1. At a Förster distance of 25 Å, what's the computed FRET efficiency of SER247 paired with VAL145, Cβ-Cβ distance as r, to 0.05?
2. Just flag the chymotrypsin sites (Phe, Trp or Tyr not before Pro) in the stretch 37-82 sitting in loop per DSSP whose Cβ has no more than 16 other Cβ atoms within 10 Å.
3. Tabulate in residue order the Karplus-calculated ³J(HN,Hα) for the stretch 228-244, using 6.51 cos²θ - 1.76 cosθ + 1.60 with θ = phi - 60°, rounded to whole Hz; enter x for Gly and Pro.
4. Within a 10 angstrom radius of the beta carbon, how do THR190, THR160, THR45 rank from fewest other beta carbons to most?
5. For each of THR173, THR255, count neighbouring Cβ atoms within 10 Å of the residue's Cβ, then give the residues from fewest to most.
6. Relative to the longest principal axis of the C-alpha atoms of the chain, give the angle of the C-alpha long axis of helix 17-26, reported between 0 and 90° and rounded to the nearest 10°.
7. Apply the a/c threshold of 1.5 to the C-alpha gyration tensor of the stretch 50-114 and tell me whether it is rounded, prolate or oblate.
8. List the residues of the stretch 56-95 whose backbone N lies under 14 Å from a point placed 7 Å from the Cα of SER18 along the Cα-to-Cβ direction.
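No value in this document is a laboratory result; all are computed from the given coordinates. Bear in mind the structure is a predicted one, so any value in this text is a computation, not a measurement. As a convention, Cβ positions derive from the backbone with ideal geometry for all residues, glycine included, and neighbour counts pool all protein chains shown.
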Amino acid sequence: MQFKCNQKMQIKGKSRISSWVEELQRRGRITFSLQDALCQFPSYTIPALRNALTRLVAKGKVVSVWKGFYAIIPIEYSSVGMIPPVLYIDYLMAYLGRPYYISLYSAAVFYGAAHQRPQEFNVITSSGSLRASEKKDVRINFNTVREINPDFILKKKTRTGYVNVSCPELTATDLVRYEGEAGGMNRAATVLNELAEHLQFGKIPDSFFSYVSSPVMRRTGYLLDKVLDHPGPAEELYEQIQKHGCSMRTTPLKTGMPAQGYVTDRKWGITVNTNIEIDE
């Protein structure tokens, strides 16, 4: 089996896998692939190398975060035997060859939101679906979109490099778009309430208003305006919806539920078919 080896991952004088991993960590590397290990130890068979790496996993030195891809566990996380996905997600997605951004509640954390479940990590990617990954009770949830517009993605620094994170406005609308998969509308509204001070719909590029669907924008606006009492960002969003001629066709606040017999908010074109309660 022929591989193109990454020279940066090859270290002279390291004949044991454990010492090679330790040296990678000293050099600031946080991840490596099975391919990297094969390039360092060409005399090993793949089964023998996997067995050696399995022993390192058992010792809490590394964790297999994807088939053929490993993260090195920093000493401060050795007691739990796991590393937060935010520290390795950029390397994992590069390994998979997939564009991505950190989304939903995981993105909201970068803007100060506190209502995040630490055992869940949310990522949006394109180019086909990815199964959820769960290791040591930490689950990475993947949602897939047709394309990712880089205009709405920010680079945020972590201790291990940079990651792609949705801007506050895309974070807000994604929370509403994917609320059914991420804990429900109450939870989405709770985090949206914490995001509100960061929202600047009047300054975001015009393409945002074709990139995000009108029903999702109007649900977001309704929540900001009528439920959460944040008239500033709500009015900015409403003005942009009007400016860009977005559809105002009536849509339910909660998808997948009956909408007949409920009051419709005329301003936003939202049929209010559920009650929203947020956590203070």
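1. With a Förster radius of 25 Å, E is 0.80.
2. Details: sites: TYR44, TRP66, PHE69, TYR70, TYR77; in loops: TYR44.
Answer in residue order: TYR44.
3. 9, 6, 10, x, x, x, 5, 5, 4, 5, 4, 4, 5, 4, 5, 4, 8
4. In order of increasing Cβ crowding within 10 Å: THR45, THR160, THR190.
5. Ranked by crowding around the Cβ, least crowded first: THR255, THR173.
6. It is inclined by approximately 50 degrees.
7. Cα axes put the stretch 50-114 in the oblate bin.
8. 56-62
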